[in-house]
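Asker: Have a look at the structure that comes next, please.
The values are calculated or read from the model by the stated rules, or taken from the named source; none is laboratory data. Since this is a predicted model, take the numbers as computed values, not measurements. Please note: Cβ atoms are built from the backbone with ideal geometry, for glycine as well, and neighbour counts cover all protein chains shown.
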Amino acid sequence: MADGGGIKGVVKGAAKLSKQLLEFSNILLTTDDATIGATPKEVVWTFRKTTLYRYRSTNRRHPVPILLTFALINRPDIFDLRPGNSFVEFLLEQGFDVFLVDWGVPNDEESDLGLDIYALDHLPAAIREVRRRSGAEEVTLIGWCMGAALTGIYLALTPDAPVRNWVPLTMPLDTENGTYQTWMGSTNFDVDHLASNVDSLPGWAVNTGNKLLKPIPNFVGTNLRLWNQVGDGSINKVSHQAMSKWVSDNPPFPAKAFSDWVHWMFKENALVKGQMEMRGRKVDLGNIKQSTLVVTASMDHIAPREGTLPLMDIIGSDDVHHMDRVGGHIGLMAGSKAKREIWPDIVAWLEPRSQ
């Protein structure tokens, strides 16, 4: 009887392992089929690879529209990750008129695009079209990661910007002694040589570099966690695949813009020091007078909270608030808890300032 029970246990265990392996493999192999960025939207304006979208809505109650901006190294679908867990969906439900600027997927022809082109040409043009299409005099700018830095640079250099509110989400600012500065700020990292020999930095290289900041969690931990969740039945396949698909979709980074970013942010740490110059003018964040909500994440290793907080003392606005929550650089705004614990607080801050 004992031998028979042992054999049955082995067979049962093998069957369970086989089922687990099949489901694990299926999730990995079908990730590209995941639905992300699905909220209906219309093209408002395009220039080169940059596109401005307006999301469809029959519930626009707030006079001040919102323009969302993201980084150059990932696609902006993170704002609209998946049905049921979409910041865009949430804003629309709350009655906001929502626009999104998508920097696109640059090719070799965009190698000459520096950060000034994005911050001082493409972004102002997008704002102009938001105002024209919505009929509003002012807009709210919500920037995430590098998107926050680009919107901050624009505001610092545009004192009369038609912007009422600014929400920088996990914005890199003071990079002193940060992981990126240790890596790219080193004299051994010759970004000028790199930029002069390539038209753009391949998306896979950017993705790999970011993952190397936490190699064990990124290259081992993610799949190990997936394996365990499949085994214990706790896996949310839709959520996992949506995030995995977004993370792996990295457009090329134009060489000029990459060189600008590395020099100003990591080699010189110029933005926080007020020493960044763009088109012959100093980028002084003290010129920012808009109502500002600074959002930080307690476990952010891309833009650590302590590197963002100096913004509170630098900008010249009389209406500055800080929101800090538990989470990482991306998970803070796109994780499973964001809809309950982050988005409502952002909307509560925006509503009285959007009338």
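Asker: Tell me yes or no: at least one residue of the stretch 322-333 is over 24 Å from residue 91 (Cα atoms) and out of contact with any strand residue (DSSP E or B) (no Cβ under 6 Å at 6 or more places or on another chain).
Answerer: No, that holds for no residue.
Asker: What's the number of the only condition in (1) at pLDDT below 95; (2) among the β-branched types (Val, Ile, Thr); (3) over 26 Å from residue 226 (Cα atoms) that residue 302 fails to meet?
Answerer: (3)
Asker: Just for the stretch 301-355: of the residues that are surrounded by 15 or more Cβ atoms within 10 Å (Cβ to Cβ) and of a type in the set (Ser, Thr, Tyr), which one is farthest from residue 96 (Cα to Cα)?
Answerer: My answer is 308.
Asker: Please enumerate the residues belonging to the stretch 165-205 that are surrounded by 15 or more Cβ atoms within 10 Å (Cβ to Cβ), of a type in the set (D, E, K, R) and either within 27 Å of residue 298 (Cα to Cα) or in contact with a Gly (Cβ under 6 Å, 6 or more places away or on another chain) (or both).
Answerer: Selection gives 174 alone.
Asker: Another question about this same structure. Would you please list the contacts, defined by Cβ atoms under 7 Å and residues six or more apart or on different chains, that run from a residue in the stretch 161-179 that is in contact (Cβ under 8 Å) with a residue 40 or more places away in the chain to a residue that is basic (Lys, Arg)?
Answerer: So the pair list comes out as 164/353; 165/353.
Asker: From the list 187, 175, pick out the single residue that is touching a Phe, Trp or Tyr at 6+ places or on another chain (Cβ under 7 Å) and either among the acidic types (Asp, Glu) or not in a helix (DSSP H, G or I) (or both).
Answerer: 175
Asker: I would also like to ask the following. Please go through (1) farther than 19 Å from residue 68 by Cα; (2) within 18 Å of the chain's Cα centre (by Cα) for residue 318 and return the number of the only condition it doesn't satisfy.
Answerer: Tallying (1) farther than 19 Å from residue 68 by Cα; (2) within 18 Å of the chain's Cα centre (by Cα), residue 318 fails exactly one: (2).
Asker: Further, regarding this structure: Of all residues in the stretch 92-114, how many are surrounded by fewer than 24 Cβ atoms within 10 Å (Cβ to Cβ), at pLDDT 95 or above and under 21 Å from the mean Cα position of the chain (by Cα)?
Answerer: Final tally of qualifying residues: 2.
Asker: If you don't mind, another one. Checking residue 295 against (1) exposed (fewer than 14 other Cβ atoms within 10 Å of the Cβ); (2) at pLDDT 95 or above, only one condition comes out false. Which one?
Answerer: Exception for residue 295: condition (1).
Asker: Taking the stretch 155-164 as the search range and keeping residues that are in contact with a strand residue (DSSP E or B) (Cβ under 8 Å, 6 or more places away or on another chain) and part of a loop (DSSP other than H, G, I, E, B), which one is surrounded by the fewest Cβ atoms within 10 Å (Cβ to Cβ)?
Answerer: Out of the qualifying residues, it is 162.
Asker: Still on this model: Could we say that residue 78 is touching a helix residue (DSSP H, G or I) at 6+ places or on another chain (Cβ under 7 Å), within 25 Å of residue 336 (Cβ to Cβ) and β-branched (Val, Ile, Thr) here?
Answerer: On the way: touching a helix residue (DSSP H, G or I) at 6+ places or on another chain (Cβ under 7 Å): yes; within 25 Å of residue 336 (Cβ to Cβ): yes; β-branched (Val, Ile, Thr): yes.
The answer is yes for residue 78.
Asker: Here's something else I'd like to know. Which count do you get for residues in the stretch 8-66 that are charged (D, E, K, R), surrounded by fewer than 18 Cβ atoms within 10 Å (Cβ to Cβ) and not in a helix (DSSP H, G or I)?
Answerer: Qualifying residue count for the region: 6.
Asker: In this structure, does residue 167 turn out to be of a type in the set (A, V, I, L, M, F, W, C), at pLDDT below 95 and not in a loop (DSSP other than H, G, I, E, B)?
Answerer: no
Asker: Give the residues of the stretch 314-348 that are under 24 Å from residue 240 (Cβ atoms) and in a helix (DSSP H, G or I), sorted by residue number.
Answerer: Once the filter is applied, which keeps residues that are under 24 Å from residue 240 (Cβ atoms) and in a helix (DSSP H, G or I), the stretch 314-348 yields 331, 332, 333, 334, 338, 339, 340, 341, 343.
Asker: Find the helices (runs of 4 or more DSSP H) located wholly in the stretch 219-277 whose residues include 3 or more that are touching an Asp or Glu at 6+ places or on another chain (Cβ under 8 Å), farther than 20 Å from residue 311 by Cα and at pLDDT 90 or above, and list them.
Answerer: Of the helices (runs of 4 or more DSSP H) lying wholly inside the stretch 219-277, those with at least 3 residues that are touching an Asp or Glu at 6+ places or on another chain (Cβ under 8 Å), farther than 20 Å from residue 311 by Cα and at pLDDT 90 or above span 255-261.
Asker: In addition: Quick one: is residue 133 surrounded by fewer than 23 Cβ atoms within 10 Å (Cβ to Cβ) and either under 18 Å from the mean Cα position of the chain (by Cα) or in a strand (DSSP E or B) (or both)?
Answerer: Judged against the criteria, residue 133 is not a match.
Asker: If the requirement is being under 21 Å from residue 262 (Cβ atoms), assigned to a strand (DSSP E or B) and touching a Pro at 6+ places or on another chain (Cβ under 9 Å), which of these qualifies: 143, 152?
Answerer: Working: 152 fails: assigned to a strand (DSSP E or B).
Unique residue meeting the criteria: 143.
Asker: Restricting the first residue to the stretch 47-58 and requiring it to be farther than 15 Å from residue 132 by Cα, which pairs with a second residue that is at pLDDT below 95 and surrounded by fewer than 18 Cβ atoms within 10 Å (Cβ to Cβ) meet a Cβ separation below 9 Å and a spacing of at least six or different chains?
Answerer: Listed pairs, sorted by first residue: 48/109; 49/105; 49/107; 49/109.
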